[in-house]
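Everything below concerns the one structure shown next.
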Amino acid sequence: MHPIVLIKLYEAYFRQKPKAFFDCGAANGGITQMALDCCIEAHGVEIRRYHQLKSAYLIGFNQHRIEGKRELFHKVLFPDERLEKLFEDGNIEIKSILDCSPIQADLAYFNGILSYFDENTLSEVLAKFQNAKMLCAIHNTTEDYAKAQKYGNSLGTCQHLKTVRSNDWWIKTFNQNGFKAQYHRQLHCFIAINSAC
């Protein structure tokens, strides 16, 4: 999902643009770079060295834009060196989120990441974001698996998923850890607002 969509959501809730964006599971840096292109401070963490697997030319990313009920996708191309610089400059750190200090960001994005943690660890993970105003999370749920099976597909974004639960379970988990959450059906994304805001 393009950060501009998340920024618009943030603005709808808080009537101002976020000052800082954080990508939990930043991969090769595409989302982080897109956030920087939106003129906000952007950082992230990744546990694997994606930037060392770069191609010799350009890397393409799907850009997601919502217009009414239509979802439009097109490619955005970044030179490899541009993404490499994110790691060199420290915009993206190579380490687990559990090894990070509490994150200083207004808006945090998780693309599948929360499903990778054991259920007993989620409170510790969410505690790292106690200073964030909004969390936007996409991850695999039991509903996703049921739909995939119905159409003969498999969900294989990660072979080591540890916590796959229903939408209601995830909302309850966010709520128990300091975030008022809802599921945004159009974006297929959990939106969680810090209860202190």
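Quick one: HIS188 ticks every box in (1) at positive phi; (2) in contact (Cβ under 8 Å) with a residue 12 or more places away in the chain; (3) over 18 Å from the mean Cα position of the chain (by Cα) bar one, so which box is it?
HIS188 satisfies every listed condition except (3).
Quick one: GLU41 ticks every box in (1) open to solvent by 20 Å² or more (accessible area, probe 1.4 Å); (2) charged (D, E, K, R); (3) at pLDDT below 95 except a single one, so which number is it?
(3) is the only condition that GLU41 fails.
Tell me, which strands (runs of 3 or more DSSP E) wholly within the stretch 75-154 include 2 or more residues that are β-branched (Val, Ile, Thr)?
Numbers: elements: 92-94, 107-111, 134-138.
Passing ranges, in order: 92-94.
Is the stretch 53-69 home to any residue that is modelled with pLDDT of 90 or more, part of a loop (DSSP other than H, G, I, E, B) and in contact with a helix residue (DSSP H, G or I) (Cβ under 6 Å, 6 or more places away or on another chain)?
There is no residue in the stretch 53-69 that is modelled with pLDDT of 90 or more, part of a loop (DSSP other than H, G, I, E, B) and in contact with a helix residue (DSSP H, G or I) (Cβ under 6 Å, 6 or more places away or on another chain).
What number goes with the only condition from (1) touching a strand residue (DSSP E or B) at 6+ places or on another chain (Cβ under 9 Å); (2) over 22 Å from ILE113 (Cα atoms); (3) open to solvent by 30 Å² or more (accessible area, probe 1.4 Å); (4) at pLDDT below 90 that TYR13 does not pass?
Single failed check for TYR13: (4).
Which residue, of ASN111, ASN194, ASN140, is touching a Gly at 6+ places or on another chain (Cβ under 9 Å), under 15 Å from VAL45 (Cβ atoms) and either open to solvent by 70 Å² or more (accessible area, probe 1.4 Å) or not acidic (Asp, Glu) (or both)? Steps first, please.
Values: ASN194 fails: under 15 Å from VAL45 (Cβ atoms); ASN140 fails: under 15 Å from VAL45 (Cβ atoms).
Exactly one of ASN111, ASN194, ASN140 is touching a Gly at 6+ places or on another chain (Cβ under 9 Å), under 15 Å from VAL45 (Cβ atoms) and either open to solvent by 70 Å² or more (accessible area, probe 1.4 Å) or not acidic (Asp, Glu) (or both), namely ASN111.
Of the residues that sit in the stretch 124-137 and are open to solvent by 30 Å² or more (accessible area, probe 1.4 Å) and out of contact with any helix residue (DSSP H, G or I) (no Cβ under 8 Å at 6 or more places or on another chain), which one is farthest from HIS160 (Cα to Cα)? Quick ask: steps written out before the conclusion?
From the stretch 124-137, those open to solvent by 30 Å² or more (accessible area, probe 1.4 Å) are 124, 127-128, 130-131, 133; that's our starting set.
Restricting the remaining residues to those that are out of contact with any helix residue (DSSP H, G or I) (no Cβ under 8 Å at 6 or more places or on another chain) gives 127, 130-131.
Values: ALA127: 22, GLN130: 26, ASN131: 28 Å.
Among those that are open to solvent by 30 Å² or more (accessible area, probe 1.4 Å) and out of contact with any helix residue (DSSP H, G or I) (no Cβ under 8 Å at 6 or more places or on another chain), it is ASN131.
Please count how many residues of the stretch 91-122 are in contact (Cβ under 8 Å) with a residue 40 or more places away in the chain, hydrophobic (A, V, I, L, M, F, W, C) and over 18 Å from HIS184 (Cβ atoms).
8
On the basis of being touching a residue at least 24 places away in the same chain (Cβ under 8 Å) and surrounded by 24 or more Cβ atoms within 10 Å (Cβ to Cβ), does ALA20 make the cut?
Considered against the rule, which asks whether it is touching a residue at least 24 places away in the same chain (Cβ under 8 Å) and surrounded by 24 or more Cβ atoms within 10 Å (Cβ to Cβ), ALA20 comes out as no.
So which pairs qualify, if the first residue must be in the stretch 123-144 and among the small types (Gly, Ala, Ser), the second must be surrounded by 15 or more Cβ atoms within 10 Å (Cβ to Cβ) and in a loop (DSSP other than H, G, I, E, B), the Cβ gap must be under 8 Å, and the two must be at least 6 apart or on different chains?
SER123/ASN177; ALA127/ASN177; ALA132/ILE103; ALA132/ALA105; ALA132/ASP106
Residues in the stretch 98-117 that are farther than 17 Å from LEU6 by Cα and among the aromatic types (Phe, Trp, Tyr): how many?
Residues flagged as farther than 17 Å from LEU6 by Cα and among the aromatic types (Phe, Trp, Tyr) within the stretch 98-117 amount to 2.
The values are calculated or read from the model by the stated rules, or taken from the named source; none is laboratory data. Being a predicted model, the structure only gives us computed values, none of them experimental. Cβ: placed from backbone, ideal geometry, glycine included. Neighbour counts: every protein chain shown. Side chains are part of the model used for accessible areas, which takes the heavy atoms of the whole protein and leaves out ligands, DNA and RNA. Shrake-Rupley method; radii C 1.70, N 1.55, O 1.52, S 1.80 Å.
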